[in-house]
Amino acid sequence: MSANKLRITLIKSPFGCLPQHRATVKGLGLRRIRHTVEVLNTPENRGMVNKISYMLKVEEA
C-alpha cells in the first residue's frame with residue numbers, strides 16, 4: 001500500500017523563483033528547506049513534482 005506514495009523533500013528555497021513554482025511548493029505542503037512530506041503517487045502530484053523538480057528530492061515511500 002505504501003508503494004503508491006512519494007516522499008518529497010524541499011532542498012532549495014523557493015525565494016526568487018516564479019510565483020507559480022512558489023505556489024506549487026505550497027500546494028505540495030512543503031514549508032521550509034529540508035521539510036519532508038509524503039503524497040500519493042497520482043498524475044496530479046507527479047505533474048507538480050516535475051514542474052519544480054530542480055528544488056526537490058523525490059523518493060518512493
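The values are calculated or read from the model by the stated rules, or taken from the named source; none is laboratory data. Just so it is clear, the structure is predicted and the values come from calculations on it, not from any experiment. So basically every Cβ, Gly included, is an ideal-geometry build from the backbone, and we count neighbours across all protein chains shown. Ligands, DNA and RNA are stripped out before the accessible areas are found, and what is left, the full protein with its side chains, is counted by its heavy atoms. Shrake-Rupley method; radii C 1.70, N 1.55, O 1.52, S 1.80 Å.
Please go through segment 8-31 and pick out each residue that is surrounded by 16 or more Cβ atoms within 10 Å (Cβ to Cβ) and either β-branched (Val, Ile, Thr) or under 19 Å from GLU59 (Cα atoms) (or both). Within segment 8-31, ILE8, LEU10, THR24, VAL25, LEU28, LEU30 qualify. Part of a helix (DSSP H, G or I), open to solvent by 70 Å² or more (accessible area, probe 1.4 Å) and of a type in the set (S, T, N, Q): does that describe ASN50? Judged against the criteria, ASN50 is a match. Taken over segment 24-47, the criterion of being touching a strand residue (DSSP E or B) at 6+ places or on another chain (Cβ under 8 Å), of a type in the set (S, T, N, Q) and not in a loop (DSSP other than H, G, I, E, B) is satisfied by THR36, ASN45.
For segment 4-18, state whether one or more residues are in a helix (DSSP H, G or I) and in contact with a helix residue (DSSP H, G or I) (Cβ under 6 Å, 6 or more places away or on another chain).
Taking every residue of segment 4-18 in turn, none turns out to be in a helix (DSSP H, G or I) and in contact with a helix residue (DSSP H, G or I) (Cβ under 6 Å, 6 or more places away or on another chain).
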